Amino acid sequence: MSGESGQPQPGPSHAGLYLEHRERDKAGVPGGVIRRADSQRRRSWIQKVIEQITGSPRQCVTLSEVVPVTVLAVQRYLLEDEPRDTVPKPPLYCYDVTISDGVYQEKCYLDPSLNFLVYQNILKVGIEMRISRVSCLYNEKRLGQGILCIDKVHCGEPLDVISVETPFRNRAHEEKPERPLRGGKSHYLALWNNEDPYGDIWKTNKQPEEFNFNNIKIISLSHLELTWNSRKNFPALLVRVLHKSKLRYYGKPNKKMIEPYQTYLEVADSSGMVSVILWNTLCPEWYKSLRVGLILLLQDYTVKKSYPLRIQPDPVDPQMKLISTMEICLNLRDPPTNIVIIPEKQLKSEWKLPKLINRFITRSELDDMPENSICDVIGLLSFVGRVQRSKKKENSEDFWSYRWIHISDGTSEQPFIVQLFSTSQPEVFENIYPMTYFVCTQLKVVRNNSQVPKLLYLTTTNESRVLTTGHRGQPYTYDPKAKKIIQWIKTKTNLEAKNTVIGGYYPYPPVPETFSKYSRFIKAESLLTTISEVKKVIEDLQYREQKRIAIQGIITAIKYIPYNHSAGSAPAPEAFWNASHPSTSQAAGKEDHCHERGSKRSQDDRPMGSQHFQYTPMVLSLCAKRKILQGPSANPVPVPQPYSSAQMKGSKHNIPSRESSTAYATGKSRRIINDRWESRLWRDKKFSLRDHLHYGHVDPESIPRKFILEHEKFLTQQFNSQPAKYIPPEGKPPKLDEFQSALSLGHFEVTILGLNHEIAIDVAFLPMYSPEDVQASQIDTFLTCMNFSCVCPPEAPGSGRLPDPKALAGDIVKAAADLDRVHIIGILDICNLGNNKVEVCLQKIYTPE
């Protein structure tokens with residue numbers, strides 16, 4: 001970094017951008033933080049910028065000197081209206097960005113017109129950034145609170161070495177609890193969802209304490225239900241927590257509420273179970289300390305009629321009464337609630353508090369469980385997918401965070417497939433990895449036996465809780481099913497750990513076998529998407545958001561791209577050329593992300609076609625073949641469903657290089673080489689297209705990786721969402737594509753031409769076989785080759801060798817030729833990987849019914 005020699009110029013002690021208190025202790029900065037020795041040799045670029053803009057409030061200033069700074073934090077919050085806001089409809093959320101110039105740190109306000117840089121994960125922690133235009137914003141309700149606003153930035157690449165030891169120039173930014181630059185008394189939210197508690201306002205210091213019950217009058221829940229309408233004062237409640245919901249954030253602009261949160265507890269005594277609501281500031285004070293199973297003494301609460309639209313969870317004990325006519329309200333004031341955690345050792349038998357009971361099921365029992373049943377599961381994680389996001393409502397800024405996981409319990413060759421949404425336990429959700437104990441409660445069964453393939457998985461509910469630490473002392477360890485599974489887990493060996501997988505793309509749940517069934521779940525206006533509209537769909541997706549669409553077209557070309565571990569997932573030369581020369585709708589390069597306030601999102605910011613493929617991982621002890629039997633006139637083409645542990649082992653054989661071999665004729669309209677095919681229609685049209693979208697490649701993040709315990713922190717971080725604050729790595733981190741793929745076969749790049757022959761799109765397709773499937777059925781069409789669900793294991797049973805993947809690829813390529821000039825409906829899964837990368841994969845093909 002260039003700069004002038006001499007001491008760093010002092011910043012204000014508390015007053016934002018005001019340049020006061022210039023005479024200070026030369027050994028420190030405001031707040032008493034000791035300077036590093038190297039910072040004394042440079043003058044702060046941030047300080048020089050402050051001096052340049054102080055006299056120009058709300059005016060953009062183009063900086064005379066632009067130097068690289070490091071992004072240390074990107075934090076989100078709800079913006080409350082301020083007197084000088086001039087934007088008619090500002091975005092719901094705003095972002096503060098903490099930067100460092102190597103001498104000082106500074107927390108800056110990101111102009112809302114640049115929010116999309118965060119939405120697309122272009123502006124993220126750990127990157128180098130150049131700020132070329134800034135402004136100064138004052139809050140006239142606060143004394144001297146000037147804010148540095150970022151109006152034009154150039155986002156660079158991640159840095160290998162970052163120092164986090166530099167002090168804040170403005171010591172007000174170091175105060176606790178940490179508060180946003182704008183937004184009144186608001187607080188920071190989790191970066192990617194509203195369910196997770198984030199920041200230092202969330203306390204964890206509440207502990208059980210011995211309590212003297214002398215002179216304490218206690219009322220039962222059933223008695224309270226009968227008398228609460230006629231009471232003004234309510235006696236204390238002594239209850240056990242049976243369920244705890246995830247957090248609900250209900251903050252809105254113009255509603256200046258401090259910490260607008262809500263959570264439900266389901267508590268019970270000997271007479272019944274009732275809902276208890278924690279409101280607002282009580283949530284940060286108590287939420288993390290209140291665990292399922294605790295005994296609580298509640299005083300100074302209020303009672304109200306229950307909310308009619310809320311569905312309470314059913315008691316595990318069928319004999320327990322469910323009280324649904326009233327709710328217990330706990331608030332910090334009006335009146336201030338008194339909550340005491342009673343230690344378990346003080347429990348008296350005459351209290352007759354219910355015990356905590358679980359509803360554990362085994363994987364072998366799941367097949368008989370009816371839809372919407374509630375259950376608990378315990379087992380060993382065998383697959384952990386990456387974190388993904390989905391919009392809560394169309395055109396909403398709020399998202400759900402979720403990931404797919406597999407849990408094995410030794411009772412079946414197949415694991416539990418679980419869609420794990422965030423349960424307001426980020427310390428668990430962001431730190432799960434294969435081969436760890438895993439308990440999840442209050443899961444709901446999702447099934448559809450009429451669909452082919454059958455749909456069966458579990459999903460979390462509002463009251464689901466997750467536990468991954470040791471089992472010692474937990475109440476469920478006395479459950480017979482849990483005890484048996486825990487013993488099974490202890491028998492697992494390191495060899496079996498090698499078959500576990502982390503990350504990668506996971507296209508689940510499967511698509512129905514007919515387009516008519518698929519269309520039942522889709523709104524009519526969004527049932528079909530034109531290929532030209534795919535660009536707009538991609539541009540609208542935010543980081544890790546996934547969407548499924550249907551397009552019409554004609555398959556005109558296909559080529560096989562084998563997996564090459566030594567080269568990571570780099571595409572073949574001609575595929576790389578396509579990425580380097582994208583369509584007219586795409587960026588010419590992804591290095592330059594220069595953005596300024598008020599400008600529209602430029603063409604350069606649209607996501608590029610990333611290297612992508614499709615697969616569905618499932619860790620099984622044996623290869624579970626799931627054939628989909630169809631007559632010759634059948635229309636559906638299901639893409640492979642979850643695969644086996646045999647697939648996870650990878651291949652010890654060298655995959656043949658992708659080279660052209662002898663061509664052979666199969667008709668006048670097509671030409672086939674061993675690993676590729678293109679139709680005559682494609683040869684005639686490909687140079688006269690109005691647009692050609694290239695999304696057929698494989699990104700390293702999309703490949704499922706064999707899990708290695710020694711690198712669990714690195715692998716876990718890679719497949720989590722981008723953190724809000726920079727986390728220094730331990731030592732020199734490896735690169736993701738250095739980890740072996742869990743797949744032994746490559747993928748296919750399929751070209752689909754629009755029905756009007758004006759636009760084409762390249763997408764990725766990854767077939768999965770077992771050798772028995774290949775031997776039992778001729779792959780005579782591209783449709784039938786998509787009907788098998790088990791990936792070829794590394795060694796074919798009885799043969800001792802791996803079937804030639806190139807031979808299998810050649811069969812698929814030849815089969816694709818049978819779809820020449822056939823109009824198809826392709827189901828595509830699209831996901832924004834962030835930083836202008838997107839994956840588009842072919843999930844299923846339908847032919848006209």
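Miscellaneous remarks
- Whole-Hz ³J(HN,Hα) from phi, Karplus 6.51 cos²θ - 1.76 cosθ + 1.60, for the stretch 337-348, glycine and proline x: 6, 10, 10, 10, 8, 8, x, 4, 5, 8, 4, 10
- Under the Karplus curve 6.51 cos²θ - 1.76 cosθ + 1.60, θ = phi - 60°, whole-Hz ³J(HN,Hα) for the stretch 160-169, x wherever Gly or Pro sits: 7, 10, 9, 9, 10, 8, 5, x, 6, 5
- Pairwise label distance in nanometres, Glu413 with Glu157, each label 7 Å out on the Cα-Cβ vector: 4.7
- Residues whose placed amide H lies under 5 Å from that of Met326, excluding near-sequence neighbours: Ser306
- Using R0 = 30 Å, the C-beta based FRET efficiency linking Glu210 and Arg248 works out to 0.35.
- In order along the stretch 717-723, the phi-based Karplus estimate (6.51 cos²θ - 1.76 cosθ + 1.60, θ = phi - 60°) of 3J(HN,Hα) comes to 5, 4, 9, 8, 6, 4, x Hz; Gly and Pro are listed as x.
- Stretch gain in nm, segment Leu309-Lys490, where the contour uses 0.36 nm per residue and the Cα spacing is subtracted: 60.7 nm
- Cβ-derived FRET efficiency at R0 41 Å, Thr469 paired with Glu397, nearest 0.05: 0.75
- Carbon plus sulfur fraction of accessible area for the stretch 512-551, probe 1.4 Å, in percent: 54
- 4 °C / 1.567 mPa s Stokes-Einstein diffusion coefficient of the stretch 363-502, Kirkwood radius on C-alpha pairs, µm²/s: 81
- Probing with 1.4 Å while keeping every protein chain in the model, the per residue accessible area of the stretch 363-502 equals 42 Å².
- Residues whose placed amide H lies under 5 Å from that of Phe168, excluding near-sequence neighbours: Gln105
- Sorting Asp762, Asp367 by accessible area puts them as Asp367, Asp762; the probe is 1.4 Å, largest comes first, and only protein heavy atoms count.
- Here each label is just a point 7 Å from Cα along the line to Cβ, and for Tyr478 and Ser688 those points are 8.0 nm apart.
- Residue list for the stretch 312-335, given a label point 7 angstrom along the Cα-to-Cβ vector of Ser222 and an amide N cut-off under 17 Å: 315-326
- Potential lengthening between Ala497 and Lys725 on full extension [0.36 nm per residue; Cα-Cα distance subtracted]: 78.9 nm
- Model label points for Leu527 and Glu344, set 7 angstrom from Cα along the Cα-to-Cβ axis, are 5.6 nm apart.
- Annotation: the stretch 272-324 has a Kirkwood hydrodynamic radius of 13.3 angstrom, from the mean reciprocal C-alpha pair distance.
- Of the solvent-accessible surface of the stretch 363-502, computed with a 1.4 Å probe over protein heavy atoms with every protein chain present, carbon and sulfur atoms account for 48 percent.
- Amide H contacts of Phe360 (H built 1.01 Å from N, under 5 Å, at least 5 apart or other chain): Asp376
The values are calculated or read from the model by the stated rules, or taken from the named source; none is laboratory data. This one's a predicted model, so the numbers in the text were calculated from it and none came from an experiment. We place every Cβ from the backbone using ideal geometry, glycine too, and count neighbours over all the protein chains shown. The area values use the complete protein model at the heavy-atom level, side chains included, leaving out ligands, DNA and RNA. Shrake-Rupley method; radii C 1.70, N 1.55, O 1.52, S 1.80 Å.
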